[in-house]
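A.B. asks: Could you have a look at this structure, given as structure tokens, before my questions?
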Amino acid sequence: MEKVIISAALTGVSTSRKQTPYVPITPEEIADHAYESWKAGASIVHIHVREEDETPSMNFENFEKSVKLIKERCDVVINLTTSGGIGLTDDVRIRPFYELKPEIASYDAGTMNWQHRTVFENRPEFLEKLARKMKEVNVKPEVEIFDTGMIYNTMYYADKGLIDAPIYFQFVLGAPGGMTATVKNLLHLKESLPEGSIWSAFGIGKGHLPIMYATLALGGNIRVGLEDNIYYSKGVLAKSNAELVERAVRVVKEFGKQPATPNEAREILKLKK
């Protein structure tokens, strides 16, 4: 049966306790959610960290503690963010993956307006530096795509030998300032990929389920989690990341497919130790 990689995005930068009491904030909570998501069927966990007051952060010690606690409990593939806030220096964004050496780290493939309030900056020189640093420590980029042009940015660095095949693309649909969460946009992005790419997708908020169903129908992998969507159904909060993973597992099986284990995800993505 075809294997589907399920990623769980646990925390993010903006989901707050005012919105939902269930979002994990501390390293201990993040590790608990990672473990529970792995038990539920996720093969990858995507990690952001926060300060105690919930402020988005690239606090190295919080990353270090979260990674240590997760590795002590399970073999889930760890994916660290490189974009834990706005206006951060290159070195602050690079340090967590460069020193902790997770198997995957996020690679946001272009600059964009963010939530109609500010600019999420990913300069060309930073993207080249980021790709070189990932390659140095055998960390695979998860290339975050918010609009079509970012695919072509990625191919520029791939053609320079800085991003290795198979390229792993993550389509982010529904972020204010990016492409809207429609099946038409999803299909357009899929058809714009270079041959041999591996891809995954998710819709933010109410786009969550339509994009998940369409992604599975189109042969992609999926991402769920409280970073992207705090509701299980209309007006009903999801009580954990694991609850969202459990539903994803059921849906994958209904499609006649099977959730990939962490080791199967490693093989599909050609991850390097």
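The values are calculated or read from the model by the stated rules, or taken from the named source; none is laboratory data. Bear in mind the structure is a predicted one, so any value in this text is a computation, not a measurement. For neighbour counting, all protein chains shown are included, and Cβ atoms are generated from backbone atoms with ideal geometry for every residue, glycine included. Surface accessibility is based on the protein's heavy atoms, side chains included, excluding ligands, DNA and RNA. Shrake-Rupley method; radii C 1.70, N 1.55, O 1.52, S 1.80 Å.
A.B. asks: Can you name every residue in segment 195-220 that is in a helix (DSSP H, G or I), in contact with a helix residue (DSSP H, G or I) (Cβ under 7 Å, 6 or more places away or on another chain) and among the hydrophobic types (A, V, I, L, M, F, W, C)?
C.D. replies: Passing the criteria: I211, M212, A214, L216.
A.B. asks: Just the residues that are assigned to a loop (DSSP other than H, G, I, E, B) and either on the phi > 0 side of the Ramachandran plot or crowded, with 19+ Cβ neighbours inside 10 Å (or both), please, taken from segment 240-270.
C.D. replies: Across segment 240-270, the qualifying residues are S240, G256, A260, K270.
A.B. asks: Assess whether R73 counts as being assigned to a loop (DSSP other than H, G, I, E, B) and surrounded by fewer than 17 Cβ atoms within 10 Å (Cβ to Cβ).
C.D. replies: When the stated conditions are applied, R73 passes them.
A.B. asks: Please count how many residues of segment 221-239 are in contact with a helix residue (DSSP H, G or I) (Cβ under 7 Å, 6 or more places away or on another chain) and on the phi < 0 side of the Ramachandran plot.
C.D. replies: Filtering segment 221-239 for residues in contact with a helix residue (DSSP H, G or I) (Cβ under 7 Å, 6 or more places away or on another chain) gives 222, 224-226, 228-229, 232, 238.
Retained after the next criterion (residues that are on the phi < 0 side of the Ramachandran plot): 222, 224, 226, 228-229, 232, 238.
Number satisfying all stated conditions: 7.
A.B. asks: Please determine, by comparing only the residues of segment 1-32 that are charged (D, E, K, R) and modelled with pLDDT of 95 or more, which one is farthest from the chain's Cα centre (by Cα). Quick ask: steps written out before the conclusion?
C.D. replies: Of all residues in segment 1-32, those charged (D, E, K, R) come to 2-3, 17-18, 28-29, 32.
Narrowing further to those that are modelled with pLDDT of 95 or more: 3, 17-18, 28-29, 32.
Working: K3: 18, R17: 21, K18: 23, E28: 20, E29: 18, D32: 18 Å.
Only one residue tops the list, namely K18.
A.B. asks: Next up: Take A217 and tell me if it is aliphatic (A, V, I, L, M), under 25 Å from Q19 (Cα atoms), modelled with pLDDT of 95 or more and out of contact with any Leu (no Cβ under 7 Å at 6 or more places or on another chain). Break it down into steps so the answer makes sense when it comes.
C.D. replies: Working: aliphatic (A, V, I, L, M): yes; under 25 Å from Q19 (Cα atoms): no; modelled with pLDDT of 95 or more: yes; out of contact with any Leu (no Cβ under 7 Å at 6 or more places or on another chain): yes.
Taking the combined requirement at face value, the residue does not satisfy it.
A.B. asks: Of the conditions (1) open to solvent by 10 Å² or more (accessible area, probe 1.4 Å); (2) under 26 Å from P56 (Cα atoms); (3) not in a strand (DSSP E or B), L162 fails just one. Which one is it?
C.D. replies: Status for L162: all satisfied but (2).
A.B. asks: What number of residues within segment 85-124 are of a type in the set (S, T, Y) and under 26 Å from G174 (Cβ atoms)? Even if it seems obvious, please write down each step before you answer.
C.D. replies: Of all residues in segment 85-124, those of a type in the set (S, T, Y) come to 89, 98, 106-107, 111, 118.
With under 26 Å from G174 (Cβ atoms) added as a condition, the list becomes 106-107, 111, 118.
Qualifying residue count, segment 85-124: 4.
A.B. asks: Shifting gears a bit: Taking V23 as the residue in question, decide whether it is surrounded by 17 or more Cβ atoms within 10 Å (Cβ to Cβ) and part of a loop (DSSP other than H, G, I, E, B). Spell out how you get there, then give the answer.
C.D. replies: Numbers: surrounded by 17 or more Cβ atoms within 10 Å (Cβ to Cβ): yes; part of a loop (DSSP other than H, G, I, E, B): yes.
Spelling it out, V23 is indeed surrounded by 17 or more Cβ atoms within 10 Å (Cβ to Cβ) and part of a loop (DSSP other than H, G, I, E, B).
A.B. asks: For segment 33-61, which residues satisfy the criterion of being part of a helix (DSSP H, G or I) and either under 10 Å from T11 (Cβ atoms) or within 18 Å of the chain's Cα centre (by Cα) (or both)? First the steps, then the outcome.
C.D. replies: Kept after step one, since they are part of a helix (DSSP H, G or I), are these residues of segment 33-61: 33-40, 60-61.
Within segment 33-61, H33, A34, Y35, E36, S37, W38, A40 meet the criteria.
A.B. asks: Which pairs do you get when a residue that is outside any helix (DSSP H, G or I), found in segment 120-141, comes within reach of a residue that is of a type in the set (K, R) and exposed (fewer than 15 other Cβ atoms within 10 Å of the Cβ), reach meaning Cβ atoms under 6 angstrom, with the pair 6+ apart or on two chains?
C.D. replies: N138/K272
A.B. asks: So, one more: Taking T89, is it without any contact (Cβ under 8 Å) to a residue 24 or more places away in the chain and not charged (D, E, K, R)? Break it down into steps so the answer makes sense when it comes.
C.D. replies: Details: without any contact (Cβ under 8 Å) to a residue 24 or more places away in the chain: yes; not charged (D, E, K, R): yes.
Against the criterion (without any contact (Cβ under 8 Å) to a residue 24 or more places away in the chain and not charged (D, E, K, R)), T89 qualifies.
A.B. asks: Scan segment 197-226 and report the pairs whose first residue is over 22 Å from Y107 (Cβ atoms) and whose second residue is surrounded by fewer than 20 Cβ atoms within 10 Å (Cβ to Cβ), with Cβ atoms within less than 6 Å and a gap of 6+ or a chain change.
C.D. replies: Close Cβ pairs (under 6 Å, with a partner that is surrounded by fewer than 20 Cβ atoms within 10 Å (Cβ to Cβ)) amount to A214/V183; L216/F255; L218/K190.
A.B. asks: Residue by residue through segment 173-192, note down the ones that are crowded, with 17+ Cβ neighbours inside 10 Å and more than 18 Å from the chain's Cα centre (by Cα).
C.D. replies: Step one: list which residues in segment 173-192 are crowded, with 17+ Cβ neighbours inside 10 Å, which gives 173-175, 178-179, 181, 183, 185-186, 189-190.
The answer is V183, N185.
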